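Everything below concerns the one structure shown next.
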Amino acid sequence: MTLPLPTTPLKLAHLGPVAKGQDRLVYDHPDHPALLFKAPKTLQAALGLPEGADVRLTPADLGNFRRLMLKLAPRTLWHPFFKESECYLTARLGGTPHEALPIPNLYGFCDSDIGPVLAVERIALPGERLGRTLKSLAAKGPLPDDLIDLLDQFARRIFDQRLIAGDMTAANIVLGQRGAQRQFVLIDGFGDIHAIPFRSASPRLNRIAMRHSFHKMAGRIGLRFDDQRVAFTPASD
C-alpha cells in the first residue's frame, strides 16, 4: 500500500476532530485517506476547563493522580505518544511484519496548524470512515463465530509478540481490513503507560496483566476467555 505522507504542514484546525478520547483528538484529511492524525487536547480541555482558563493546583488534585500530573507537568499529555511509539518500534524491530501487528502502523510526526500530530494507519473496513469497535459490535448481540475467530487471532498476536497494552478495552479494539484480511486491531491504549514500567521490565508480569485484561474485557461483552488456549467462547456456552 502506498501512503501519501504529508510534506507540508497540514491544515487541520478547520476540519475538526472525527473522534475524541480522554486526552487526545483524532483528525482525518482529504489528501491522506489511508491515515489518521492524533493530537493531544489542550491542557484546559484535558482538565475539563474552559479554553484560556487559569490552571491552578487545588487540594482536590491530590486525590486525582492524572489531574495532578497534568497540572504539575503539562507535557504529560504527550506521554501516550512516546509510549505508543516505543511499543510500535519494539514490535517492528523485533521482526513483526507491518500487516501482522495487532496495533496500527505509525508513520511519524507531522507538522500542522494545531502543532505536531502523529500519523497513524487508518483501521476500518472498506467504505468506512472509522472502524467499528468491538464494544459496538458486541452491543448488537452475540458475536458471530467468524468475529470470535478474529478475536482469537488478535489475542494470540498480542501474546506472541509480547505487546504491552496498559488500557485494553473493547472500546479500543477496532475491526478493519489490511489487504484481503479482516483483523481486530488495538488502536489506542497500547504501550507501558504506567508511571513505574513494571510490564516493560518483566515479560512474565506483562503476560499476567494481559491475561487479566482479556478476562475482564471478555466478561463485559458476553464472552469467556480461556488463557490456556488463548481463545474466546460465548459466556452462555
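The values are calculated or read from the model by the stated rules, or taken from the named source; none is laboratory data. Please read all numbers here as calculations on a predicted model, not as lab measurements. Counting neighbours? That spans all protein chains shown, and the Cβs are built from the backbone with ideal geometry, glycine included.
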Of residues in the stretch 172-188 being outside any strand (DSSP E or B) and without any contact (Cβ under 8 Å) to a residue 60 or more places away in the chain, the one nearest to Cys87 (Cα to Cα): Asn172
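Quick one: is Gly219 at positive phi, surrounded by fewer than 19 Cβ atoms within 10 Å (Cβ to Cβ) and not acidic (Asp, Glu)? So that I can check it myself, show each step before the final result.
Working: at positive phi: no; surrounded by fewer than 19 Cβ atoms within 10 Å (Cβ to Cβ): yes; not acidic (Asp, Glu): yes.
No; evaluated as a whole, the condition is false for this residue.
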Flag for Ala91 being surrounded by fewer than 17 Cβ atoms within 10 Å (Cβ to Cβ), of a type outside the set (Asp, Glu) and either touching a residue at least 24 places away in the same chain (Cβ under 8 Å) or not assigned by TED's automatic domain parsing to the domain that holds Leu223 (or both): no
The one condition in (1) at pLDDT 90 or above; (2) among the acidic types (Asp, Glu); (3) within 19 Å of Leu134 (Cβ to Cβ) that Asp160 fails to fulfil: (3)
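So which of Leu151, Leu147 is buried (at least 17 other Cβ atoms within 10 Å of the Cβ), over 30 Å from Phe82 (Cβ atoms) and outside the structural domain of Leu36 (by TED's automatic domain parsing)?
Numbers: Leu151 fails: over 30 Å from Phe82 (Cβ atoms).
Answer to the check: Leu147.
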Members of the stretch 49-88 that are charged (D, E, K, R) and either surrounded by 13 or more Cβ atoms within 10 Å (Cβ to Cβ) or in the same structural domain as Phe190 (by TED's automatic domain parsing) (or both): Asp61, Arg66, Arg67, Lys71, Lys83, Glu84, Glu86
Check on Pro40, within 26 Å of Phe109 (Cβ to Cβ) and surrounded by 11 or more Cβ atoms within 10 Å (Cβ to Cβ): yes
Yes/no for Pro104 being closer than 30 Å to Ala155 by Cβ and modelled with pLDDT of 95 or more: yes
Residues of the stretch 6-26 satisfying the condition of being under 18 Å from Glu84 (Cα atoms) and assigned to a loop (DSSP other than H, G, I, E, B): Gly21, Gln22, Asp23
Selection within the stretch 189-210 - under 18 Å from the mean Cα position of the chain (by Cα), in a helix (DSSP H, G or I) and farther than 19 Å from Lys135 by Cβ: Arg199, Ser200, Asn206, Ala209
Residue identified as free of Cβ contacts under 8 Å to residues at least 12 places away in the same chain, assigned to a loop (DSSP other than H, G, I, E, B) and either of a type outside the set (Lys, Arg) or on the phi > 0 side of the Ramachandran plot (or both) among Asp54, Asp31: Asp54
